[in-house]
Amino acid sequence: MANLNVTFAGVPFKTPVVVASGTFGFGREYGEMFDLNQLGGICVKGLTLHPRLGNPPPRIAETPMGILNSVGLQNPGVDRFIKEEMPFLKTLNTNIIANISGNTVEEYAEMAEKLSDAGVDIIEVNISCPNVKAGGAAFGTSCDAAASVTRAVRRISRVPVMVKLTPNVTDIAEIARAVEDAGADALSLINTLLGMRIDITTRRPVLHNNTGGLSGPAVFPVAVRMVWQVRDAVKIPICGMGGIMTGEDAVEMMLAGADIVSVGTALFQDPLAAIRVTEGIARYLEKMNIENVTEISGKVLLN
Amino acid sequence: MPITTLATVQDTRMLTESVCKMVLFSPELARLAKPGQFVHIKCGGESLLRRPISICDVQEDTLTLVLERKGAGTQYLAERRAGDTLDLLGPLGNGFELPDGKLLLVGGGIGVPPLLYAAKRAKGADAVLGFKTKSAIILEEEFQSACGETAVVTDDGSYRLHGNVTVPLREMLHRGGYAGVLACGPRAMLRAVAEVCAAFKVPCQVSMEERMGCGVGACLVCVCETEKEGERAMSRVCKDGPVFRAEEVCW
């Protein structure tokens, strides 16, 4: 049996497969369907300082091999998360990654302090949500803004800080470098690609919010390309995501440069997708006679 | 607790030009399913998302589903034939509460099917079924045998009563004797039914529909705005619903 252990930003992961923020709630629902301890980690639903109701429905539109979503960061707020969800999450033997979004740099820092105290394993700084007006991707599309959020969170957090990048930029490597220079311990990418669908009968956008974030296999090649570009630009570890459905997809993402991978949209089709991806990686390693999963990271052979 | 399972198609039949009835062999789901719950079915091709289909009826080892062919996903499902297998996730959602006493079931169009299983499990039920036109009528005989009285209305008057479901609904509630109303159908119909029930002070449960993602309550895509004890919330149709107390829905 191949060794799937990875140390990522100093945190031990028993497998390189985590579930992506926004697709897994706070774990309870999927916890009814499989043993969450089989996961490398859980990125919880995006948190904000204060509770948010999110956008009105419809919040989802289907597109060939993909979906557009515009949930708009519906969440109970960081305080209720810590009080009501952390006690359950702490009983699990898997890494808990708290995903945070702020309207201001100060809000990011305040959340990071509270969540460090609450005992999460990693803080994922979301500077890439396409579905909210303030904050979110506004911080992720400028090097200066991305760096200032990263610096503020890094200064206050007592756990590793992973910054989640948006693909909706001209040069993702430039943002990645700015975030690394500002002290990020890791990067995660890609968040969703901004998209739109229109109902031709009513002439109205399918999503109430007009636009939404595209995810699923439709974005996979874009995600692989961006992980590869970022791998080339920075030294810090990368959590690669975007349309991973199978173990083979995960291996491809790791060859491009990801140290660990995140499974999200695939869960909507197969609730056990993260487990099947993990099994698929193990099968690949055995077939290729590779002892440790860490050996494949960034090992694409370029033409 | 939901399960994923492969179910074999036993029989399929078109009830109207676009509505398909499908009987699936799945002893596990048949044992677990409650009226008002649904199954989330994997579709082939480029459809990434499953399709939520309400459970119309349950026999010993089978589930009956009635679905409308609308897009690529439901087209795929409607094309299945006896012997094919489908990947089902379910049973999902809270389902109807069935209070003691006679119930009045109000269904509109493709909202009619889930009320059939409720009719069979209730301690007595009458039904009001509304359709666009005569050719869209489904399950009339099934409701007639499961219910005491079944009123059918059509929007265009091409069959039975002309008008919408609130006309017979008012008459039947006026006569009285119902412990509650269960309704499923288009949002505008549900809202009208909720208003009539509030006027008659009869408890009303409505089964809501929304574009859905995961189906299990994790992705927060299929929400319905609700207010309970003064607290507004975006409730999850798939997990907190699909059945809500009508007075809690922010219409």
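The values are calculated or read from the model by the stated rules, or taken from the named source; none is laboratory data. Everything quoted here is computed from the prediction, not taken from an experiment. Here the Cβ is made from the backbone with ideal geometry for all residues, glycine too, and neighbour counts use every protein chain on show. All accessible areas refer to the heavy atoms of the entire protein, side chains included, with ligands and DNA or RNA removed. Shrake-Rupley method; radii C 1.70, N 1.55, O 1.52, S 1.80 Å.
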Out of the range B:180-251, which trypsin sites (Lys or Arg not before Pro) are coil in DSSP terms and have no more than 16 other C-beta atoms within 10 Å?
B:Lys201
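Out of the range A:19-104, which GluC sites (Glu not before Pro) are coil in DSSP terms and have no more than 14 other C-beta atoms within 10 Å?
Values: sites: A:Glu29, A:Glu32, A:Glu62, A:Glu84, A:Glu85; in loops: A:Glu32.
Of the GluC sites (Glu not before Pro), the ones in loops of the range A:19-104 whose Cβ has at most 14 other Cβ atoms within 10 Å are A:Glu32.
With charges only on Cβ, +1 for K and R and -1 for D and E, what is the dipole size of chain A about its Cα centre, in debye, rounded to 20? Don't jump to the answer; show the numbers that get you there.
Working: 26 positive and 31 negative charges, 104 e Å.
The calculation lands at about 500 debye.
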Quick one: Cα convex hull volume of the protein assembly as shown, Å³ per residue?
154
Based on the Cα gyration tensor of the range A:2-123, what are the three equivalent ellipsoid semi-axes, each the root of five times an eigenvalue, rounded to whole Å and given largest first?
23, 20, 14
Leaving out ligands, DNA and RNA, what percent of the accessible area of the range A:54-134 is carbon and sulfur, probe 1.4 Å?
51
Computed over the protein assembly as shown, protein heavy atoms only, probe 1.4 angstrom, the accessible area per residue in square angstrom equals 41
Share of carbon and sulfur in the accessible heavy-atom surface of the range B:3-92 [1.4 Å probe, %]:
45
Of A:Lys235/B:Lys42; B:Lys70/B:Lys239; B:Lys134/B:Lys228, which ones are farther than 30 Å apart at the Cα?
A:Lys235/B:Lys42; B:Lys134/B:Lys228
For the range B:103-207 (alpha-carbon point model, no solvent) the Debye-based log₁₀ I(q)/I(0) at q = 0.10, 0.13, 0.21 Å⁻¹ works out to -0.22, -0.37, -1.05
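Determine by what factor the alpha-carbon radius of gyration of the range A:42-103 differs from 2.2 N^0.38 Å, reporting the quotient. Write down the numbers at each step before the final one.
Working: Rg = 13.9 Å, N = 62, 2.2 N^0.38 = 10.6 Å.
Rounded to two decimals, the normalised Rg is 1.31.
Let me know the mean shielding of A:53-64 by other chains, meaning the per-residue number of their Cβ atoms within 10 Å of its Cβ.
On the way: counts 5, 4, 2, 3, 10, 6, 10, 10, 3, 11, 2, 5.
For peptide A:53-64, the averaged partner shielding equals 6.
For the range A:176-303, what proportion of DSSP beta bridges, expressed in % and rounded to the nearest 5, is antiparallel?
Details: 6 of 12 bridges.
Antiparallel: roughly 50 percent of the beta bridges in the range A:176-303.
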Output the direction-averaged projected area (hull surface divided by four) of the convex hull of the alpha-carbon atoms of the range A:6-296, in nm².
13.9
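Roughly how many percent of the accessible protein surface of the range B:103-207 is carbon and sulfur, given a 1.4 Å probe and a whole-percent answer? Each step should come with its number before you reach the end.
Working: 2290 of 4430 Å².
Its accessible area is 52 percent carbon and sulfur atoms.
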Report Rg/Rh for the range B:125-166, rounded to two decimals, where Rg is the Cα radius of gyration and Rh the Kirkwood radius.
0.95
If you count, for each residue, the other Cβ atoms within 10 Å and average over each peptide, how do A:270-277, B:54-61 line up from highest to lowest?
A:270-277, B:54-61
Count the DSSP beta bridges whose two residues both fall in the protein assembly as shown, then state the antiparallel fraction as a percent rounded to the nearest 5.
55
Could you tell me the convex hull volume per residue, in Å³, taken over the Cα atoms of the range A:162-277?
113
Residue farthest toward the positive end of the dipole of the range A:6-296, with Cβ of Lys/Arg at +1 and Asp/Glu at -1: which of A:Val219, A:Ile236, A:Gly41?
A:Val219
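Could you work out the mean count of beta carbons from other protein chains within 10 Å of each residue's beta carbon in A:69-76? Could you put the intermediate results ahead of the total?
Details: counts 4, 1, 6, 2, 1, 6, 1, 1.
Taking the mean over all residues of the peptide, I get 3.
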Which aspartates and glutamates does B:Lys201 reach when only Cα atoms under 13 Å apart count, and residues fewer than 8 places away in its own chain are ignored?
B:Glu247
Rounded to whole Å and ordered largest first, report the semi-axes of the equivalent ellipsoid of the range A:230-303 derived from its Cα gyration tensor (root of 5λ).
20, 16, 9
Restricting the calculation to Cα positions, tell me the Rg (one decimal) and the Dmax (whole number) of chain B in Å.
17.3, 51
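Give me the accessible area buried between chains A and B, both sides summed, with a 1.4 Å probe, in Å² rounded to the nearest 100.
Working: alone 13190 and 12050 Å², together 22470 Å².
Buried surface at the A/B interface: approximately 2800 Å².
Find the relative contact order for the range A:6-296 and round it to a whole percent, using C-alpha pairs within less than 8 Å whose residues are 6+ positions apart.
19
In debye, nearest 20: dipole of the range B:3-92 around its Cα centre with unit charges on the Cβ of K, R (+) and D, E (-)? All intermediate terms of the calculation are to be shown ahead of the outcome.
Working: 11 positive and 11 negative charges, 40 e Å.
So the magnitude is around 200 debye.
If you put +1 on each Lys and Arg Cβ and -1 on each Asp and Glu Cβ, how big is the dipole of the range A:12-83 around its Cα centre, in Debye rounded to 20? Intermediate results must be reported in sequence, preceding the final value.
Details: 7 positive and 5 negative charges, 50 e Å.
Magnitude of the dipole: close to 240 debye.
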For the range B:3-92, go through all pairs of different Cα atoms, get the mean of 1/r, take its inverse, and jot down that Kirkwood value in Å.
12.7
Nearest 5 percent is fine: what portion of the DSSP beta bridges confined to chain A is antiparallel?
40
Accessible area drop of at least 30 Å² (1.4 Å probe, protein heavy atoms): which residues of the range A:267-281 qualify, relative to the chain alone?
A:Phe268, A:Gln269, A:Pro271
